[in-house]
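Throughout, read-outs are computed from the coordinates displayed, never taken from laboratory work. In this text the structure is predicted, and so the values were computed from the model without any measurement. Methodologically, a virtual Cβ is constructed for each residue, glycine included, from the backbone with ideal geometry; neighbour enumeration extends over all protein chains shown.
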Amino acid sequence: MNESIFWFFYHLAESQPFFSGVAIFLARDLLWILILVFLIGAKLFNFSQREILLVIISILVAWSLSLLIKFFYISPRPFAMLTDITPLIKTREALASFPSSHTIVATALAVALVSLGYYYFGAGLMLGAILVGLGRMMVGVHWPSDVLAGLIFGLLTVWIVKFILKNYTSS
């Protein structure tokens, strides 16, 4: 099933120039735009330093977690396992597929905002996180399970960070 879902999204992007351009944008650039939108939103909504700190810590912990998992769990990317595909973007490591670091970071960003009560802002960025994950599949660098793991780990990261900050720091 993992491979079937992958092929659906990969063929969608690789068969149409328009979709390949969209997929490349989603996979490579959208995460940075989501971060920029957060920074602008933090200024517009007058986020407190504590709120900004929670979001930044959540992002850094999520990214670190993805690197830690990739270090201990070797998982070939689709283009390393399937001989008849060429990824639409370049990646550094062919054996670092699980989880999707882009997706885990984008999800942590969105979930942190929702957890702070910025529901619509966070929901919009969550849609962006999902699109980042779909883009990563469409360009041929991640399996659906990598993206799903990124979504789940991003969510769990924020819960853990909030728990630690609540219980182990002074208010």
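Computed over all pairs of different Cα atoms, the Kirkwood value for the hydrodynamic radius of region 63-122 is 13.2 Å.
May I ask you to work out the translational diffusion coefficient for region 127-171 at 10 °C, viscosity 1.306 mPa s, via Stokes-Einstein with Rh from the Kirkwood sum over Cα pairs, reported in whole µm²/s? Walk me through the numbers before you get to the answer.
Values: Rh = 11.9 Å.
Taking Rh from Cα pairs, D becomes 133 µm²/s.
Relative contact order (percent) for the chain, with alpha-carbon contacts under 8 angstrom and 6 or more residues of separation?
On the way: 252 pairs, mean separation 56.4, N = 171.
The normalised contact order for the chain reaches 33 percent.
Which of the helices in the chain, when you take each full DSSP H run, stretch at least 18 Å along the axis at their Cα atoms and have an average Kyte-Doolittle score of 0.5 or higher?
On the way: long enough: 2-15 (20 Å, 0.07); 30-44 (21 Å, 2.66); 49-72 (34 Å, 1.77); 101-115 (21 Å, 1.71); 119-138 (28 Å, 1.34); 144-168 (35 Å, 1.26).
Span-like helices here: 30-44, 49-72, 101-115, 119-138, 144-168.
A full extension of the chain between I35 and F72 corresponds to an added length of 10.5 nm, given 0.36 nm per residue minus the alpha carbon distance. As a rough guide to protection, the peptides 23-31, 140-148, 39-47 ranked by mean Cβ packing within 10 Å, highest first, stand as 140-148, 23-31, 39-47.
Which shape class applies to region 19-171: rounded if a/c is under 1.5, otherwise prolate when a/b exceeds b/c and oblate if not, where a ≥ b ≥ c are the square roots of the Cα gyration tensor eigenvalues?
On the way: a/c = 2.81, a/b = 1.62, b/c = 1.73.
It comes out oblate by the Cα gyration axes.
Extension gain for H11-N167 works out to 51.4 nm (0.36 nm per residue, less the C-alpha to C-alpha distance).
Counting only Cβ charges, +1 for Lys and Arg and -1 for Asp and Glu, the dipole size of the chain around its Cα centre is about 480 debye.
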